[in-house]
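Read-outs throughout are calculated quantities, based only on the coordinates presented, and are distinct from any laboratory measurement. Since this is a predicted model, take the numbers as computed values, not measurements. Positions of Cβ are backbone-derived with ideal geometry, glycine not excepted, and every protein chain shown enters the neighbour counts.
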Amino acid sequence: MKEEILKTAQILLVEDNEGDILLTLEAFEEGKFKTKVSVARNGREALDFLYKRAAFIDAQKPDLILLDINIPIFNGHEILEEIKKENTLKKIPVIILSTSSNEKDIERAYNNHCNSYIKKPLEMEEFINAVLKIEEFWLQLTTLAK
Amino acid sequence: MSEQIINRNNIKISGSGKQPMLFAHGYGCDQHMWRYITPAFEKEFKLVLFDHVGSGKSDQTAYDFEKYKTVKGYADDLIEICDTLNLKEVIFVGHSVSSIIGVLAAVERPDLFDKLILIGPSPCYINKTDYVGGFKQDDIDELIATLESNYLGWSSYITPVIIGNPEKEVYAEELKNSFCSMNPDIAKQFARATFLGDNREDLFKVTSSTLIIQCHPDVIAPVEVGMFVHKAIPQSEYVLLNSPGHCPHLTAPEQVIASIEAYLKNKSFEN
Amino acid sequence: MKTKLIIEDAEDLYQNAPFGYLTVQSDGLIININSTLLHWLGYERQEIEFQKSFQDLLIMGDKIYYETHIMPMLLVQNEIAEINIQLKGKGLIRLPVLINAKRIVDSTNQESFFRFSLLDITQRRKYELELMKARKEAETTVQQLKEIKQDLEQFAYVVAHDLKTPLRSIKGLLSIIKNKGDKMDNTKKQEYFNVVINAADDMYKLIDSLLEYARTGSVQEEMQEVTVSGIFKTQLNFFEQEIKKLGGQIETHSTIKYITVYPVLFQQVLMNLISNAIKYRSETPPIIQVTCKDQKGYTLFSVTDNGMGIPTDRFEAVFKLFRSLNPNNDSNGIGLAICKKIIELHGGTIWLESEIGKGTTFYFTIRKD
């Protein structure tokens with residue numbers, strides 16, 4: 001096993017649906033990697049976390065970001081744009097995890113350089129499975145930039 | 001590209017001459033209107049006939065209600081036809097609304113046109129202060145109302161059923177009434193573009209030498225209108241035919257041919 | 001036997017046939033007209049023959065049609081059939097006719113004449129107009145059915161999708177609680193149960209809204225004349241406190257005194273629009289203006305806010321069922337669909353103007369009669 005994944009992977013989950021937050025946390029707990037998942041419940045919290053501001057002054061830079069689109073204050077598109085514009089953040093893979101199957105959302109997300117767009121499965125088992133696959137792909141198979 | 005435009009406007013080329021003579025039919029009908037005129041010129045000229053989009057056997061699917069809202073859309077097509085076929089020094093022959101279409105094209109691209117021959121031209125059909133167009137605003141309102149209520153006279157539209165070889169020019173029974181038939185929605189839009197426009201200003205910008213052929217009496221484009229066009233276009237000649245109606249190329253083709261021939265000969269002497 | 005022959009002579013057959021006949025020169029001048037047609041048009045013979053041309057009997061549209069279609073066709077094809085036009089008779093007489101015509105060439109001087117036969121189709125015209133009207137109605141019905149079908153598809157979609165989202169939470173979290181059993185500490189369990197209960201509440205709300213939308217079409221209350229000031233007062237009473245708390249303000253202005261509406265439904269439209277204006281406010285405190293004025297047979301209302309604004313490409317979508325811009329923001333995309341339905345019940349339309357970051361104005365009209 002590679003050295004870097006032995007350390008705890010930092011994951012930022014930007015999501016406002018409490019049920020989905022808990023399910024995602026459970027899925028990561030079930031997964032085989034050591035992960036620490038931080039939750040931002042709206043766009044402002046997400047930016048505060050990334051820029052280590054306000055309540056998130058001690059935040060660690062995440063290795064992976066899971067981002068919902070329909071979130072309060074700043075939506076997922078705006079957050080994605082900000083991340084990919086910012087030199088210190090743009091290497092972090094951003095996975096869009098959204099209920100939206102709107103073509104315009106998908107198009108816009110890829111135009112803004114999201115690393116993948118995943119539609120939230122409606123069934124609980126598939127949802128957990130999706131999170132596990134994300135974890136496996138990005139934390140095991142992929143070599144991330146340091 | 002060129003094939004697309006040839007199909008779009010149902011372009012037919014004939015004649016054994018070099019200089020192109022481009023015939024544009026007027027409101028309501030199609031290139032068959034020229035059948036009595038063209039034989040007189042096929043030896044000396046290259047004859048180009050076409051149908052405006054929405055008329056005759058043009059590609060109906062190319063009809064764009066936005067583009068053809070005004071006659072400008074047809075003028076753009078005309079320029080495109082000249083460019084596509086690489087026509088130069090064109091002698092343009094236009095009837096009725098096509099006269100104005102030709103004028104607009106010649107103002108935009110004077111390099112393409114040698115001469116304009118305008119049959120029954122009218123830059124504006126409505127009477128204005130100091131201008132006799134032939135129709136009162138009331139007439140126009142009535143026309144619009146008729147169009148809006150889809151008066152059946154305009155929609156006596158019979159889809160042409162062409163039996164046999166479509167290449168062959170036939171005026172058989174099965175073509176009856178189809179030569180002037182038009183999709184009613186397109187007919188309405190074309191009527192609006194034709195009868196509501198005011199292109200008087202454009203006449204003054206024409207630099208090509210021009211012949212105006214006027215009928216008497218003509219209820220659509222009265223003599224006053226023909227005279228107005230003559231006065232407005234700097235280098236223009238005016239012929240008043242001894243023939244009533246609005247379609248002298250059908251009612252008095254020999255007079256039309258004689259006028260055009262005289263005009264063209266005269267001009268070539270000058271050159 | 002003898003009388004019969006006289007009556008059936010050619011001249012009489014021409015003059016008194018149950019058909020209109022006329023002959024014109026190529027310039028349209030009428031040189032012959034039969035008695036039947038004269039009678040139909042209300043003219044005397046000497047008023048027509050060599051006095052009027054065929055075009056004089058036509059309104060502008062048909063005049064153009066005559067010159068650009070009928071004549072060219074006659075000249076190219078020598079005959080035409082079943083052309084539908086309308087003749088102007090004396091005074092206000094209007095006669096819809098079906099014409100057939102034929103070109104006749106005089107063998108002595110080769111001059112062309114044109115013989116027209118005209119069939120009175122007044123009854124048929126009425127019938128045609130009725131057919132046209134019926135067709136239009138049928139088209140409207142088809143359109144309405146299409147919209148109803150779309151609504152139904154949206155219903156199906158919401159059941160499949162929007163209801164499944166909270167259900168996923170409920171099932172997911174309950175399974176986790178079950179699987180972990182005693183391994184799970186009590187506080188965490190309580191937290192999970194709370195989320196499950198909230199998700200179930202969401203489902204209730206969604207189902208209630210769906211039922212509300214479905215019921216909106218079948219009106220129970222009566223149309224009533226009410227004062228605009230009364231309507232506005234109700235809204236102010238409801239929202240003023242909340243808006244003041246946010247540091248904002250709401251103003252109303254009307255140049256109209258009375259409107260006739262379904263009062264409860266109508267109040268609901270304003271209520272939905274104003275609460276949207278509050279819900280989708282920007283960083284700055286909400287400033288909301290509600291106006292009412294006259295507009296040609298309609299009364300025009302507007303609700304303007306200084307909120308987040310709506311992207312141009314969503315202007316139409318927002319009025320559709322379950323296309324909420326922000327589904328997680330305590331909204332389920334039904335409010336505006338209900339507004340639209342209510343406004344349509346009042347014979348009006350609803351639309352919006354908006355600029356991102358600047359605010360939104362919703363406009364709607366209601367018919368006066």
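In a GNM of chain C with a 10 Å cut-off on Cα contacts, which of C:33, C:288, C:342 has the highest mean-square fluctuation?
Among C:33, C:288, C:342, the largest GNM mean-square fluctuation belongs to C:33.
Could you pull out every one of the lysines with an alpha carbon less than 17 Å from that of residue C:293, ignoring same-chain neighbours closer than 8 positions?
Output for residue C:293: C:233, C:257, C:368.
Charges on Cβ only, +1 for Lys and Arg, -1 for Asp and Glu, centred on the Cα centroid of the stretch A:4-137; of A:64, A:87, A:39, which one is farthest towards the dipole's positive end?
Value: A:87.
Charges on Cβ only, +1 for Lys and Arg, -1 for Asp and Glu, centred on the Cα centroid of the protein assembly as shown; of B:248, C:197, C:81, which one is farthest towards the dipole's positive end?
Highest projection toward the positive end goes to C:197.
Restricting the calculation to Cα positions, tell me the Rg (one decimal) and the Dmax (whole number) of the stretch C:221-369 in Å.
According to the Cα coordinates of the stretch C:221-369, Rg and Dmax are 14.6, 42 Å.
Tell me, what is the percent relative contact order of the stretch C:221-369, built from C-alpha pairs under 8 Å that lie six or more residues apart? Mind dumping the intermediate values first?
Numbers: 275 pairs, mean separation 34.2, N = 149.
After rounding, I find 23 percent.
Give me the angle, in degrees from 0 to 90, between the Cα long axis of helix C:164-180 and the longest principal axis of the Cα atoms of chain C, rounded to the nearest 10.
On a 0 to 90 degree scale, this one is about 30.
For the stretch A:62-113, I need the span (max minus min coordinate) of the C-alpha atoms along each principal axis, in Å, sorted largest to smallest.
Ordered largest first, the stretch A:62-113 gives principal extents of 30, 21, 18 Å.
With +1 assigned to the C-beta of every Lys and Arg and -1 to the C-beta of every Asp and Glu, and no other charges, what is the dipole magnitude of chain A about the Cα centre in debye, to the nearest 20? It would help to have the intermediate numbers written out before the result.
On the way: 20 positive and 26 negative charges, 152 e Å.
The dipole of chain A has a size of about 720 debye.
About the Cα centre of the stretch C:221-369, how large is the charge dipole given +1 on each Lys and Arg Cβ and -1 on each Asp and Glu Cβ? Please answer in debye to the nearest 20.
Numbers: 16 positive and 16 negative charges, 11 e Å.
It works out to roughly 60 debye.
Return the long-range amide H neighbours of residue C:89 (sequence gap of 5 or more, or a different chain), with a cut-off of under 5 Å between placed amide H atoms.
C:94, C:95
Only Lys, Arg, Asp and Glu count, each charged at its Cβ (+1, +1, -1, -1), so figure out the dipole size of chain C about its Cα centre, rounded to 20 debye.
Values: 45 positive and 47 negative charges, 271 e Å.
For chain C, the charge dipole is close to 1300 debye.
Can you bin the stretch C:2-120 into rounded, prolate or oblate? Criterion: square roots of the alpha carbon gyration tensor eigenvalues sorted a ≥ b ≥ c, rounded for a/c under 1.5, prolate for a/b above b/c, oblate for the rest. Before the final figure, lay out each step's value.
Details: a/c = 1.70, a/b = 1.20, b/c = 1.42.
It is oblate, given that a/c is not under 1.5 and a/b is not larger than b/c.
Can you check what the net charge comes to around residue B:215, using other residues whose Cβ is under 12 Å from the Cβ of residue B:215 (Lys, Arg +1; Asp, Glu -1)? Let's see the in-between values first.
Values: positive: none; negative: B:218, C:27, C:67.
The answer is -3.
With axes computed from alpha carbons, what is the tilt in degrees of helix C:186-216 against the longest principal axis of chain C, rounded to the nearest 10 within 0 to 90?
20 degrees
If I build a Gaussian network model for chain C, linking alpha-carbon pairs within less than 10 angstrom, which residue out of C:310, C:278, C:30 has the largest mean-square fluctuation?
Of C:310, C:278, C:30, the Gaussian network model singles out C:30 as fluctuating most.
Between rounded, prolate and oblate, where does the stretch B:219-268 land on the alpha carbon gyration tensor, with a ≥ b ≥ c its root eigenvalues, rounded for a/c under 1.5, else prolate if a/b exceeds b/c?
Details: a/c = 2.99, a/b = 1.05, b/c = 2.85.
Verdict is oblate for the stretch B:219-268.
If the chain between residue C:320 and residue C:194 were fully stretched, how many nm would it gain, using 0.36 nm times the residue separation less the Cα-Cα distance? Present the calculation step by step, with values, prior to reporting the outcome.
Working: separation 126, 0.36 × 126 = 45.36 nm, distance 3.18 nm.
Gain on stretching residue C:320 to residue C:194: 42.2 nm.
Run lengths n ≥ 4 of DSSP H only: what is the helix-derived mean residue ellipticity at 222 nm for the protein assembly as shown, with -39500 (n - 2.57) per run over all residues, to the nearest 500?
Working: 26 runs with 312 residues, N = 786.
That comes out to -12500 deg cm²/dmol.
Stokes-Einstein at 37 °C, 0.692 mPa s, Kirkwood radius from Cα pairs: D for the protein assembly as shown in µm² s⁻¹?
Details: Rh = 33.2 Å.
Rounded, D is 99 µm²/s.
Report for the protein assembly as shown the percent antiparallel among DSSP-assigned beta bridges with both residues inside it, nearest 5.
Values: 57 of 106 bridges.
Here the antiparallel bridges make up roughly 55 percent for the protein assembly as shown.
In vacuo Debye scattering of the stretch C:163-216, one point per C-alpha: log10 I(q)/I(0) at q = 0.14, 0.20, 0.23 Å⁻¹?
Listed by q, the Debye log ratios stand at -0.44, -0.69, -0.82.
Normalising by the residue count of chain C, find the relative contact order in percent from Cα pairs under 8 Å and 6+ residues apart. All intermediate terms of the calculation are to be shown ahead of the outcome.
Values: 522 pairs, mean separation 35.0, N = 369.
The normalised contact order for chain C reaches 9 percent.
Compute the helix-to-body angle for C:263-279: its Cα long axis versus the longest principal axis of chain C, expressed 0 to 90° and rounded to tens.
60 degrees
Rounded if a/c is under 1.5, else prolate if a/b is larger than b/c, else oblate: which is chain A, with a ≥ b ≥ c the root eigenvalues of its Cα gyration tensor?
Details: a/c = 1.32, a/b = 1.08, b/c = 1.22.
It is rounded, given that a/c, with a ≥ b ≥ c, falls under 1.5.
Name the residue from B:27, C:357, B:52 whose Cα lies farthest towards the positive end of the charge dipole of the protein assembly as shown, charges +1 on Cβ of Lys and Arg and -1 on Cβ of Asp and Glu.
The listed residue farthest towards the positive side: C:357.
Can you give the average number of partner chain beta-carbon atoms within 10 Å of each beta-carbon in peptide B:243-250, as a whole number? All intermediate terms of the calculation are to be shown ahead of the outcome.
On the way: counts 2, 7, 9, 7, 6, 0, 2, 7.
Shielding by partners across B:243-250 averages 5.
Normalising by the residue count of the stretch C:163-216, find the relative contact order in percent from Cα pairs under 8 Å and 6+ residues apart. Present the calculation step by step, with values, prior to reporting the outcome.
Values: 26 pairs, mean separation 26.9, N = 54.
Worked out over the stretch C:163-216, it gives 50 percent.
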